[in-house]
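Just so you know, all these numbers are worked out from the coordinates, no wet-lab data involved. Quick caveat, the model's predicted, so the values are computed rather than measured. Here the Cβ positions follow ideal geometry from the backbone for every residue, glycine too, while neighbour counts run over all protein chains shown.
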Amino acid sequence: MKKALALTTLTLGAFALPLVSLAAVSNVSDVGTLIITTINNIIVPVLFAVAFIVFLWGAFDVFILGANSEEVKEKGKNLMLWGLIGFFVMVSIWGLVNILTGTVSFGNNTGPTETPSAGVNVGG
């Protein structure tokens, strides 16, 4: 019984954790900003690093390990190709995310600014 109670408590705690972390978010624009910032600052650089490592491993296979084996060279060429495809896809998606950010204006909470019209004394 104690094991079931502990498991239930941990499960509910795990489901409640995002609610605690998003407690400071006050509107939809803040959620959008949080998601876009997380994608741009955390996920994209990690994926770029993985694609770069795959590309380097493929180059290592082709030029170092595959010096005498055509099978290893072919495997390395495929890894290099997939690394380049990963770079292309990630740059494309990153560009689309930045276009979305600029178009929807997530994070622009200042609102429109008023420009004084001609002939109106603003300075008092």
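Laid out as a table, the results:
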item	result
Virtual spin-label span in nm between Phe48 and Trp94, 7 Å along Cα→Cβ	0.3
Theoretical gain in end-to-end length, Asn41 to Phe60 [0.36 nm per residue, Cα-Cα removed]	3.9 nm
Percent of Cα-Cα distances greater than 19 Å, calculated over segment 28-103	48
